[in-house]
Amino acid sequence: MNSSNPRALPAVEKVLKALGEQPVPRPLVTNLVREAIQAKREAKEGAADFEVFVREVQLEIDHLNRARIQAVINGTGVLIHTNLGRSPIQEAAAQRMHDIAVNYNNLEIDLDSGARGKRGRYFEQLLAQLVDAEAATVVNNCASALILILRLFTANTGKKEVLISRGELVEIGGGFRVPEIMEASGATLREVGATNKTSLNDYARAIGPETAMLLKVHRSNFWMEGFVDSPTTEEMAALAHEHGLAMVEDLGSGAMVDTGQLAPIEHEPLANEILKRGVDLVCFSGDKIFGGPQAGMIAGKAELIAGLKKEPFFRALRCDKLILTLLECTAQAYLDARATSSIPSLPLLDMLQLTVDSLRERGEAMGKELAGLPVDWSLGESTAQVGGGTMPKSAIPSVTLDLKAHGLKAPVLAKRLRRQALPLMGYIAEDLFRLDLRTVFPRQDAQVVNAITLALS
Ligand SMILES: *Cc1c(COP(=O)(O)O)cnc(C)c1O
């Protein structure tokens, strides 16, 4: 650029040279530089100052760099936060995944015969055992599990219609929309009853020659109270079977242990309880309260599971070796714990069981570490949530570390904390930056103090 001419645009090469080494690959940096020059050109303004221009591009690069997946500290108090990657994985499972990732493995080899083996065979048996089902399988996520199930009962059967209560369509967790899923599968949705009230008779009246199945979707991220009614799963299953139809329940979260036993929260229905009520198939997510990776578990009648695995779509939705490894480890942790009537050590379950006293103790210790920094701190009472479309009524008593930085508004502090090398996520309430300690791993306490220290200096 010619600095004597304010309208001249800088040359790409010169900007690249000024930027030097960058954390994102060179071609991406070049694109950003070109785009910035183009933007200046379109705005018909020259780069008034080369240094300023380079700094602007650097901000773009930093912004892009921060978009790469990286660890963050979750101080939001939402245990299953879809935006923060839902469930953390058990350490032992992650280590096993590492071993599988860097080596070849027996994904589809029978090591006894040397012949081709079946992918997911071990996990399928663990899962069936865990939920006390005849058989089980797994696909990419719960939404795709539902698509696969809908296809099984509606594609090539001459019956396209699926009955679902209007009350279960209102809103479901994680941007999950049942009508869209149904459309994608080719099934036709038939809404039954009213938003707040659906009777067994509503279903009975809606059954016609086109009906393939009844679907119950677990109400996940909302809770209706008052004048609310819906038939039980048992009643719906009996009705479906009377008419030779299938009964399926989408559980969403899929708890494996009695959640009421872990924290003062409601009992989330267990997959085995739902199967006992007579449903033919049940599906749930792998990365919600189950505590594993993204996956869609399906369990129920052996003949139906076999049918699902023959669907052409199954091949498109199958899980990879790393996911299967994590699922195996997580399922095995549940089964091992069950043998000793204990609760498995999984990050989410551990978090649920933390006592308020232990959180307060940690908060005190962290607060004391902040002495001398330009910030006032206090401990607050809060309620953590399971989240992820799970247990909307649950408010788990928790403790927050509340910060008020001197001369710094809460949103500014929040932004600084998000932009640390190890980003720290909290929330703002009444002009305070609040950090819910239930979702912060105790091993991260020192990192929290460090992030706050850096953000304030
Ligand atoms: C979360 C949820 C889903 C979607 O699960 P994914 O694994 O994210 O596809 C489906 N149904 C219900 C009831 C849910 O809560």
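Please treat every number below as a calculation from the coordinates, not as lab data. Predicted, not measured: the structure shown is a model, and the values here were computed from it. Cβ coordinates were reconstructed from backbone atoms using ideal geometry, including for glycine residues, and neighbour counts include every protein chain displayed.
The distance from the alpha carbon centre of the stretch 278-294 to that of the stretch 380-457 is 29 Å, rounded to a whole number.
Return the FRET efficiency for the residue pair Ala155, Glu364: r is the Cβ-Cβ distance, R0 is 51 Å, and the value is rounded to the nearest 0.05.
Using R0 = 51 Å, I get an efficiency of 0.30.
Segment Glu242..Asp62, full-extension length gain: 58.6 nm, with 0.36 nm per residue of separation and the alpha-carbon distance subtracted. Quick check: from the Cα gyration tensor, does the stretch 297-342 come out rounded (a/c under 1.5), prolate or oblate? Oblate.
Once you have a ≥ b ≥ c as the square roots of the Cα gyration tensor eigenvalues for the stretch 119-203, tell me rounded if a/c is under 1.5, and otherwise prolate or oblate according to whether a/b is larger than b/c. Judged from the Cα gyration tensor, the stretch 119-203 comes out prolate (a/c at least 1.5, a/b above b/c). Of all lysines in the structure, those lying under 21 Å Cα to Cα from Lys118, and not within fewer than 8 positions of it along the same chain, are Lys301, Lys309, Lys310, Lys321. Over the chain, dividing the summed -39,500 (n - 2.57) contributions of all DSSP H runs of at least 4 residues by the number of residues returns a 222 nm mean residue ellipticity of -12000 deg cm²/dmol. The chymotrypsin sites (Phe, Trp or Tyr not before Pro) found in the stretch 74-142 that occupy coil by DSSP, while having at most 14 further C-beta atoms within 10 Å, are Tyr104. Distance between the pseudo-spin-label points of Arg205 and Ala395 (7 Å out from Cα toward the beta carbon): 3.8 nm. Under the simplified labelling scheme, the Asn103-Ala306 pair shows an inter-label distance of 3.4 nm, with each label point 7 Å from Cα along Cα→Cβ.
Between Ala446 and Glu35, what is 0.36 nm times their sequence separation minus the Cα-Cα distance? Round to one decimal in nm. It would help to have the intermediate numbers written out before the result.
Details: separation 411, 0.36 × 411 = 147.96 nm, distance 4.04 nm.
The Ala446-Glu35 span can extend by a further 143.9 nm.
Were the residues from Gln95 through Ala316 laid out at 0.36 nm apart, the gain over their Cα-Cα distance would be 76.8 nm.
By other beta-carbon atoms within 10 Å, ranking Asp320, Asp250 with the fewest at the front produces Asp320, Asp250. The residues Ser457, Ser394, when put in order of fewest to most other Cβ atoms within 10 Å, stand as Ser457, Ser394.
Quote the FRET efficiency, to the nearest 0.05, computed for Glu21 versus Asp112 with a Förster distance R0 of 45 Å and r equal to the Cβ-Cβ distance.
FRET efficiency, Glu21 to Asp112: 0.30.
Size estimate for the stretch 1-141 follows the Kirkwood approach: the inverse of mean 1/r over distinct Cα pairs works out to 20.7 Å. Here the stretch 95-152 and the stretch 232-246 have alpha carbon centers that stand 29 Å from each other.
Orientation-averaged projection of the chain equals 28.8 nm² [convex hull of Cα atoms, one quarter of hull surface area].
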